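Quick notes on the structure that follows.
The values are calculated or read from the model by the stated rules, or taken from the named source; none is laboratory data. Nothing here was measured: the structure is a model prediction, and the numbers come from that model. We place every Cβ from the backbone using ideal geometry, glycine too, and count neighbours over all the protein chains shown. Side chains included, ligands, DNA and RNA excluded: accessible areas come from the protein's heavy atoms. Shrake-Rupley method; radii C 1.70, N 1.55, O 1.52, S 1.80 Å.
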Amino acid sequence: MKQARRHVSCKAVEMKESPLTSRRDLLRLAGASAFALMASRSFATTRDGGLRGAIDAGDYQPTPGAPDRKRVSLQKMIDQAAAENAPVFLPPGTYKASNLVLRENTRITGVPGVSRIVYTGGGNLFSAEKVKNIELSNIIIDGQNRSLGDDAGGLLQFTGVAEVIIDNCEIAASRKHAVRLERCGGRITGSRISGAGQSGIYAVESDALSITGNEVFDCGNGGILVHRWTKAADNSVVNGNRIYRIKANDGGTGQNGNGINIFRADNVMVANNHVSDCAFTAIRANSASDIQITGNQCQRSGETAVYVEFEFVGAVVSNNMVDGAANGISIANFDQGGRLASVTGNVVRNLTLKGPYEHEVGFGIGIAAEADTLVSGNIIEGAPRWGMQLGWGPYLRNLVVTGNIIRKAPIGCAVSVAEGAGAAIITDNVFQETPCGAVLGFEWDRKVSGELATAGAASRFAQLTVERNRIS
């Protein structure tokens, strides 16, 4: 008969020296013991469909509140549990530790909200390298803003782990990244990550990583970052997260201060996230091909709310709500390979002329696009410079702009007619309260035409088709 896998449990809070003084104390202790047993059984059943026996962890003495010298004992317990493919269960309490190395099959779980591991300094808290799977669930991880080691990129640092599972955890106060993953797959779900000096989650060279249903906030330079060292398929999914109050403490013009940042990572989906109060961009994709940015709520972005730029080929930006930003949506940098996008069904409103740095065009633009892009079915209201920017100098090719509503913008569409600019079709749009013009021609930032939306007015620009637009 196959031997049942055993369950390793960390010793609960130490008993007081005084005996139980009342029947109430006895009942309270019995209830706590039953709760701990149920938690361990629930975890075991969820993972393996059976109940493991318990191992007496008294010899290891990793008691709540123990000083850091007990770290070796906690490490020994983690090692034994991993070797036996059993989880470590942390009863309620505070456990002090640092530099814990997670082995193959390490699974650590606790009681949500009351099982806390506190980092004591001198490196990082958890690390793992070149293993198949590790799992952390139902625990609080507190970095206490203590310094991390020079080789530590994050409070949790995992490299080459095929399946990382972080579920229903709280991770707070890391001096650098809260979670740093390199060449990892798996999922981060239902967790609360806050107060990181760098970003909440930094994942580089991922393998189909899922980041879903998390809350990431009050981070110094970024929320969720999905990056690659070299441009390639990443296949990650960033879905249903709530991200807010992201700063740009290290400055720059967009490297920092983004709620979600996708860099060189192809085939990524960014969907149904709620992103607010970011110093720069709610969702920024840089050199990320075949990306989908759909159904996101983007509020009060300091710069461009949704940015798709540089060496990308293929982007869908659809059904996003942008309320409050310097610019709304930008599909840019055709001069460096950025092209081929569909921008449909978005609502962009309440923009501002004020941005975090001096911009060559200026801020206050609803939607900007340059090459091989469909811009259709969008609503823009309250863009204080231009409702749309179509091309920039010679960087315009194959734009189709149709069926949009643009309201309350000084200029509805600013379309490039500079030497070398390519074709644009601007048809069947509604322009309301665009007092300086519905469609005007520009050479770079200089207006060079009158109204082009009236019948026959655009005929002198052979590359433009401007028809059937309504101005009111």
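Quick look at the numbers
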| quantity | calculated |
| --- | --- |
| Set of segment 98-118 residues, backbone N closer than 17 Å to the point 7 Å along the Cα-Cβ line of D79 | 98-107 |
| Apportionment of accessible area to carbon and sulfur, segment 121-471, percent (1.4 Å) | 45 percent |
| Theoretical FRET efficiency, 1/(1+(r/R0)^6), r = Cβ-Cβ of D150 and Q255, R0 25 Å, to 0.05 | 0.70 |
| Net lengthening on full extension, T465/D335 (0.36 nm per residue, minus Cα-Cα) | 44.5 nm |
| FRET efficiency, A233 to I405 (Cβ-Cβ, R0 35 Å, nearest 0.05) | 0.45 |
| Rounded accessible area per residue of segment 121-471, 1.4 Å, Å² | 36 Å² |
| F280 - accessible surface, heavy atoms, 1.4 Å probe, Å² rounded to 10 | 10 Å² |
| H227 accessible area, 1.4 Å probe, all protein chains in place, Å² to nearest 10 | 30 Å² |
| 15 Å reach of a label modelled at K447, 7 Å along Cα-to-Cβ, counting backbone N of segment 345-384 | 384 |
| Potential extension, V101-D167 segment - 0.36 nm per residue separation minus Cα distance | 21.9 nm |
| Sorted largest first, extent of segment 288-348 alpha carbons per principal axis (Å) | 29, 20, 14 |
| Rg/Rh (Cα only; Kirkwood hydrodynamic radius) as it applies to segment 121-471 | 1.04 |
| GluC sites (Glu not before Pro) restricted to segment 327-414 and DSSP loop, no more than 15 other C-beta within 10 Å | E358, E360 |
| Lysine pair number, Cα distance threshold 29 Å (strictly under), segment 121-471, separation 8 or more or different chains | 11 |
| Distance from segment 352-405 to segment 78-123 (C-alpha centre basis), Å | 50 Å |
| Interchain or long-range residues, amide H under 5 Å from I243's placed H | V216, H274, V275, S276 |
